[in-house]
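The values are calculated or read from the model by the stated rules, or taken from the named source; none is laboratory data. Please read all numbers here as calculations on a predicted model, not as lab measurements. Cβ sites come from the backbone with ideal geometry, for glycine too, and all protein chains shown count toward neighbours.
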Amino acid sequence: MEMDRTVVAEERPTIIDTVTGAIRENYLNANYGLKSWFLTVDHKRIAILYLISITLFFFLGGSFAVMIRLELITPQGDLVQAETYNKLFTMHGIVMVFFFLIPSIPAVLGNFLVPIMIGARDMAFPRLNLASWYIYVVGGLFTLGAMIAGGIDTGWTFYTPYSTSFSNTYVIATGLGIFVVGFSSILTGLNFIVTIHKMRAPGLTWFRLPLFIWSNYATSIIMVLGTPVIAVTILLVALERGLHIGIFDPALGGDPILFQHLFWFYSHPAVYIMILPAMGVISELVACFSRRRVFGYKFVAFASLGIAVIGFLVWGHHMFVSGQSSYAGMIFSFLSFIVAIPSAIKVFNWTATMYKGSISYDTPMLYVMGFIGLFTIGGLTGLFLACLGVDIHVHDTYFIVAHFHYIMVGGTIMAYLGGIHFWWPKITGRMYPEGWGKFSALLIFVGFNLTFFPQFLLGYLGMPRRYYAYPQEFQVLNVMSSAGASVLGVGYLLPLVYFLWSLRYGRIAGSNPWKATGLEWQTSSPPPTENFLATPVVTEEPYQYSPEETEAEYAMTKKENVNV
Amino acid sequence: MSETHSSLVAHQFDDGVQQKQATTLGMWVFLITEIMFFGGLILAYTVYRIKYPEEFHHASKHLDYVMGTVNTCILLCSSLTMAFAVHAAQEGKRKLTMIFIVVTMVLGAAFLGVKGWEYYTKYTDHLIPGPNYDLNHLWEGAGLLPKTQLFFSLYFAMTGLHAFHMLIGLGLMTWLFVKTKRGRFSKEYFNPVEVCGLYWHFVDIVWIFLFPLLYLVDRSH
Amino acid sequence: MIEHSEPHIVPKKTYYIVFATLMILLFVTVAMAFVPLGPFNIYVAMAIAITKAVLVVLYFMHVRYSNRLIWVAAGAGFVWLVILLAFTLADYSSRGWIKVPGK
């Protein structure tokens with residue numbers, strides 16, 4: 001294979017600069033024009049397409065959140081009607097869950113990095129990869145259309161019988177959008193599984209894989225096994241709503257709780273679709289910025305698979321207050337506690353990785369530390385909710401809202417932003433401005449906590465979710481939350497600005513600005529279309545960092561500075 | 001290795017073996033998603049069959065089990081001919097592959113024909129769920145069991161989804177036929193035939209379960 | 001993953017035997033539906049269906065001659081289907097075990 005690559009390099013001399021020996025051609029300048037992007041089969045370009053589209057959806061979902069927080073500044077409903085408010089939180093949830101969080105890390109960073117990290121030229125099925133982006137876009141346009149036409153007010157959970165028999169909004173159209181986008185997720189997962197199994201470079205055994213690959217593999221398993229169930233469930237909701245077939249309609253003998261089982265069979269594991277790739281990002285980053293091997297590599301790797309599997313056995317904890325039997329509730333409660341074990345293994349191992357490391361506080365590392373803290377809070381409050389008794393008290397209150405935002409925003413989005421900062425020089429070949437990076441990371445951390453910590457208190461005091469008005473005594477905490485949200489908003493807008501700025505003015509990064517290990521740092525930035533000039537051969541385990549070496553280097557430079 | 005990197009091997013693969021293994025695994029992973037897709041319906045079926053045993057028992061008797069048996073025979077035969085098509089492709093026999101693909105398609109179409117006829121009789125018997133649903137005129141005991149419609153909802157959802165998969169299968173077969181006719185496959189490269197075969201057999205397996213679940217709910221009394 | 005690159009060609013005779021078995025099982029399952037077995041009807045029907053499915057998977061779909069990964073893939077689908085069914089039915093079958101209304 002290597003011979004093959006050298007032949008290519010010789011046949012196409014333009015790819016190598018004759019003077020410096022540097023690689024000139026990369027995936028961005030290989031060819032130009034809209035067609036070269038919209039018909040590309042290059043996984044890196046498809047990642048960019050995803051990056052742009054999910055960013056649009058992120059800010060769309062964010063603007064719904066802005067409206068929600070504005071409305072909740074005052075106890076009475078004054079900005080929007082109750083119906084509009086219902087639509088706002090529904091569309092916020094649908095856009096953020098199905099069109100941002102689920103595709104975020106796998107479809108952008110995963111798409112870009114998985115083939116490079118395993119030393120492959122592309123995904124196993126490049127055209128399928130492009131198809132999955134188009135399917136995403138079609139699903140997205142469908143849902144957007146439904147929102148423009150009038151929106152949907154069922155909550156992102158589509159609970160029956162409200163969604164099938166009572167809601168007067170665009171349930172079927174939105175549902176079809178989600179049905180379609182599900183296939184995009186399935187195809188991405190399928191592509192990852194086959195790619196990781198069959199496309200690894202010579203010498204790249206399973207235990208030499210970066211942990212990012214392990215976690216994306218675990219995520220893909222959930223995508224492939226879970227997503228079809230939500231697809232068929234939404235199909236049944238549409239049939240029930242359109243044709244009244246009776247499957248979820250008690251009047252015709254149907255059972256709405258069956259819907260909840262089917263819905264959460266996917267939608268609980270979907271939480272792990274969101275958080276597992278984030279954990280993979282954190283494993284990469286924490287090792288690089290602590291200059292240490294990931295502590296307990298195999299435990300972290302198997303914890304990913306453990307979470308993927310056990311994550312399928314806990315869905316009933318969303319149904320403690322429904323008609324589910326108490327015995328089933330006990331089983332689901334117990335298993336929900338079990339799933340905390342692999343998550344805790346990861347948190348402990350990341351902290352142990354940092355221990356005695358040579359830590360540098362670059363922007364990605366700030367996100368890592370933010371993630372570890374916030375994810376821990378999110379995870380531990382999850383244990384409160386897994387308790388049958390506590391859950392009955394706080395079910396459907398702001399406690400739940402705060403809990404899952406700590407996981408999804410404090411966890412996934414922190415890791416996503418950390419990852420984007422870390423791999424930005426690889427993706428674009430340019431550095432982002434470090435000072436602004438640190439500043440916005442700090443803003444996001446402060447803003448996030450100010451937004452969501454008060455919601456724990458609100459929930460515990462009894463404020464229910466999904467209401468546009470609330471009693472007077474909850475106002476102070478709500479105002480705090482809204483104030484935090486505006487800080488958070490600024491924190492999210494800043495990276496958008498400076499990332500765009502860096503495309504033109506950012507410092508040239510070079511192939512390995514972080515002195516990181518991993519195959520993606522051994523190719524040029526941005527990488528050439530086929531990723532490597534010659535297929536790499538892997539001979540060692542990942543994360544060959546040494547804190548001692550880094551400290552020695554640091555001492556040297558310090559001494560030199562003193563001498564000067 | 002460069003000589004095996006022929007036009008038959010896509011650029012991302014090193015050689016034909018890797019490509020073959022990847023596509024086969026890809027199809028299997030896809031079939032897993034299909035199992036879960038039908039799984040949601042099978043769950044709904046199971047829950048309601050346990051909840052309404054009498055309704056399911058009596059409603060099921062209004063399906064024509066002879067038609068169902070004939071259709072199962074047709075599908076099993078099509079699986080055999082599909083296996084022969086793959087066999088012929090493995091041996092590089094182009095003409096024979098084409099013949100078996102056509103026979104498989106004819107059997108698949110016959111299945112859909114029988115299914116269509118059954119749907120039509122359900123329509124004339126007012127057994128399609130909705131405002132016109134009426135089992136009373138066929139069976140006087142229906143008044144005591146008002147939830148029989150649920151059985152027919154599931155019947156149409158499950159067989160309808162299965163028929164849709166058959167249609168996709170026929171589409172795949174047409175594509176295979178054209179590719180075979182143009183001589184794209186050989187002893188060395190016949191993976192698409194094999195992978196489409198996997199799909200076809202899977203759709204057959206779904207029917208193997210649907211048939212007893214829907215048509216054979218205890219016909220002894 | 002070491003694997004023989006030569007495709008395994010299953011003899012036609014095997015296909016005929018499997019097909020004949022499938023047909024016999026089909027008629028057995030239809031015949032069993034007319035035997036009064038009460039609640040066991042479904043178990044017999046499913047046992048026969050699973051046998052038929054396994055035959056198709058092993059021989060027509062060549063899993064018998066495939067590597068371990070394909071075995072795992074084929075098995076995973078069924079295991080997860082069982083998870084979906086078992087946990088949901090665990091709820092439905094334990095309803096009303098304790099005297100709390102609605103539980």
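So, residue A:120, is that one crowded, with 24+ Cβ neighbours inside 10 Å and within 14 Å of chain B (Cβ to nearest Cβ) or not?
Values: crowded, with 24+ Cβ neighbours inside 10 Å: yes; within 14 Å of chain B (Cβ to nearest Cβ): yes.
Yes.
Scan A:224, A:194 and give me the residue that is under 30 Å from residue A:517 (Cα atoms), within 10 Å of chain B (Cβ to nearest Cβ), touching a helix residue (DSSP H, G or I) at 6+ places or on another chain (Cβ under 6 Å) and in a helix (DSSP H, G or I). Walk me through how you get there before you give the answer.
Values: A:224 fails: under 30 Å from residue A:517 (Cα atoms).
Testing whether each residue is under 30 Å from residue A:517 (Cα atoms), within 10 Å of chain B (Cβ to nearest Cβ), touching a helix residue (DSSP H, G or I) at 6+ places or on another chain (Cβ under 6 Å) and in a helix (DSSP H, G or I) leaves just A:194.
Of all residues in region B:6-27, those being more than 9 Å from chain A (Cβ to nearest Cβ) and part of a loop (DSSP other than H, G, I, E, B) number 4. Just to be sure I understand, how many residues within region A:536-564 are under 18 Å from residue A:200 (Cβ atoms) and either among the acidic types (Asp, Glu) or at pLDDT below 90 (or both)? Going through region A:536-564 one residue at a time, the tally reaches 2.
Outside any helix (DSSP H, G or I) and within 30 Å of residue A:515 (Cβ to Cβ), is that true of residue A:300? Answer is no for this residue. Taken as a whole, the condition of being farther than 17 Å from residue A:171 by Cα, part of a helix (DSSP H, G or I) and of a type in the set (Ser, Thr, Tyr) does not apply to residue A:85.
Within region A:288-319, track down each residue that is more than 10 Å from chain C (Cβ to nearest Cβ) and within 21 Å of residue A:230 (Cβ to Cβ). Walk me through it before giving the result.
First, the residues of region A:288-319 that are more than 10 Å from chain C (Cβ to nearest Cβ): A:288-308, A:310-311, A:317-318.
Scanning region A:288-319 gives A:307, A:308, A:310, A:311, A:317, A:318.
Table: residues versus (1) in a helix (DSSP H, G or I); (2) at the interface with chain B (Cβ under 9 Å from one of its Cβ atoms); (3) touching a helix residue (DSSP H, G or I) at 6+ places or on another chain (Cβ under 8 Å); (4) more than 30 Å from residue A:263 (Cβ to Cβ).
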residue: C:10; (1), (2), (3), (4): no, yes, yes, yes
residue: C:24; (1), (2), (3), (4): yes, no, no, yes
residue: C:32; (1), (2), (3), (4): yes, yes, yes, yes
residue: C:43; (1), (2), (3), (4): yes, no, no, no
residue: C:56; (1), (2), (3), (4): yes, yes, yes, yes
residue: C:76; (1), (2), (3), (4): yes, yes, yes, no
residue: C:79; (1), (2), (3), (4): yes, no, no, no
residue: C:83; (1), (2), (3), (4): yes, no, yes, no
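I'd like to check something: does region C:61-68 contain any residue that is away from chain A (no Cβ under 14 Å), of a type in the set (A, V, I, L, M), in a helix (DSSP H, G or I) and under 21 Å from residue B:32 (Cα atoms)? So far as region C:61-68 goes, yes, one or more of its residues are away from chain A (no Cβ under 14 Å), of a type in the set (A, V, I, L, M), in a helix (DSSP H, G or I) and under 21 Å from residue B:32 (Cα atoms). Residues in region B:173-186: is at least one more than 14 Å from chain A (Cβ to nearest Cβ), closer than 19 Å to residue B:74 by Cβ and within 14 Å of the chain's Cα centre (by Cα)? Yes, region B:173-186 contains a residue that is more than 14 Å from chain A (Cβ to nearest Cβ), closer than 19 Å to residue B:74 by Cβ and within 14 Å of the chain's Cα centre (by Cα). It is to be established whether one or more residues within region B:96-106 are without any contact (Cβ under 8 Å) to a residue 40 or more places away in the chain, in contact with a helix residue (DSSP H, G or I) (Cβ under 8 Å, 6 or more places away or on another chain) and crowded, with 22+ Cβ neighbours inside 10 Å. Yes, there is a match, as at least one residue in region B:96-106 is without any contact (Cβ under 8 Å) to a residue 40 or more places away in the chain, in contact with a helix residue (DSSP H, G or I) (Cβ under 8 Å, 6 or more places away or on another chain) and crowded, with 22+ Cβ neighbours inside 10 Å. The single condition among (1) in contact with a helix residue (DSSP H, G or I) (Cβ under 7 Å, 6 or more places away or on another chain); (2) at pLDDT 95 or above; (3) farther than 30 Å from residue A:443 by Cα that residue A:324 does not meet is (2).
Give me a count of the residues in region C:86-103 that are surrounded by fewer than 16 Cβ atoms within 10 Å (Cβ to Cβ) and either within 14 Å of the chain's Cα centre (by Cα) or aliphatic (A, V, I, L, M) (or both). The qualifying residues number 3.
Which of the following residues is among the β-branched types (Val, Ile, Thr), more than 14 Å from chain B (Cβ to nearest Cβ), part of a helix (DSSP H, G or I) and surrounded by fewer than 21 Cβ atoms within 10 Å (Cβ to Cβ): A:213, A:148?
Numbers: A:213 fails: surrounded by fewer than 21 Cβ atoms within 10 Å (Cβ to Cβ).
Unique residue meeting the criteria: A:148.
Within region B:108-144, the residues that satisfy the criterion of being in contact (Cβ under 8 Å) with a residue 24 or more places away in the chain and within 10 Å of chain A (Cβ to nearest Cβ) are B:128, B:129. Considering only residues in region B:188-221 that are part of a loop (DSSP other than H, G, I, E, B) and either without any contact (Cβ under 8 Å) to a residue 12 or more places away in the chain or more than 9 Å from every other protein chain (Cβ to nearest Cβ) (or both), the one that is surrounded by the fewest Cβ atoms within 10 Å (Cβ to Cβ) turns out to be B:221. Here the condition is being assigned to a loop (DSSP other than H, G, I, E, B), closer than 29 Å to residue A:191 by Cβ and more than 18 Å from the chain's Cα centre (by Cα); of A:74, A:40, it holds for A:40 alone.
Is one or more of the residues making up region C:15-22 in contact (Cβ under 8 Å) with a residue 60 or more places away in the chain, touching a His at 6+ places or on another chain (Cβ under 9 Å) and not small (Gly, Ala, Ser)? Even if it seems obvious, please write down each step before you answer.
Our first condition is that a residue be in contact (Cβ under 8 Å) with a residue 60 or more places away in the chain; within region C:15-22, this holds for none.
So far as region C:15-22 goes, no, none of its residues is in contact (Cβ under 8 Å) with a residue 60 or more places away in the chain, touching a His at 6+ places or on another chain (Cβ under 9 Å) and not small (Gly, Ala, Ser).
Residues in region A:309-353 that are closer than 19 Å to residue A:215 by Cα and assigned to a loop (DSSP other than H, G, I, E, B): A:339 only.
Filter region B:48-68 for residues that are without any contact (Cβ under 8 Å) to a residue 60 or more places away in the chain and either farther than 15 Å from residue B:122 by Cα or out of contact with any Ser or Thr (no Cβ under 9 Å at 6 or more places or on another chain) (or both) and give the result. B:50, B:51, B:53, B:66 - these are the residues of region B:48-68 that are without any contact (Cβ under 8 Å) to a residue 60 or more places away in the chain and either farther than 15 Å from residue B:122 by Cα or out of contact with any Ser or Thr (no Cβ under 9 Å at 6 or more places or on another chain) (or both). Could you tell me whether residue A:397 is touching a Ser or Thr at 6+ places or on another chain (Cβ under 6 Å), modelled with pLDDT of 95 or more and crowded, with 17+ Cβ neighbours inside 10 Å? No.
Taking region B:84-135 as the region of interest, how many residues are in a helix (DSSP H, G or I) and over 22 Å from residue B:196 (Cβ atoms)? Steps first, please.
Going residue by residue through region B:84-135, those that are in a helix (DSSP H, G or I) are B:84-90, B:94-124.
Those still in the list that are over 22 Å from residue B:196 (Cβ atoms) too: B:114, B:116-124.
Of the residues in region B:84-135, 10 are in a helix (DSSP H, G or I) and over 22 Å from residue B:196 (Cβ atoms).
Every condition in (1) under 21 Å from the mean Cα position of the chain (by Cα); (2) surrounded by fewer than 15 Cβ atoms within 10 Å (Cβ to Cβ); (3) among the small types (Gly, Ala, Ser) holds for residue A:491 except the one numbered (2). Note on region A:161-179: residues that are among the aliphatic types (A, V, I, L, M) and either part of a loop (DSSP other than H, G, I, E, B) or within 14 Å of another protein chain (Cβ to nearest Cβ) (or both) amount to 0. Residues considered: A:502, A:511, A:486. Of these, the only one that is crowded, with 17+ Cβ neighbours inside 10 Å, polar (S, T, N, Q) and under 25 Å from residue A:412 (Cβ atoms) is A:502. Taking the conditions exactly as written (within 14 Å of chain A (Cβ to nearest Cβ), in contact with a helix residue (DSSP H, G or I) (Cβ under 8 Å, 6 or more places away or on another chain) and surrounded by 18 or more Cβ atoms within 10 Å (Cβ to Cβ)), does residue B:40 satisfy them or not? Yes: the conditions hold for residue B:40. Selection over region B:43-62 of residues that are more than 13 Å from chain A (Cβ to nearest Cβ), of a type outside the set (Lys, Arg) and surrounded by fewer than 22 Cβ atoms within 10 Å (Cβ to Cβ) gives a count of 3.
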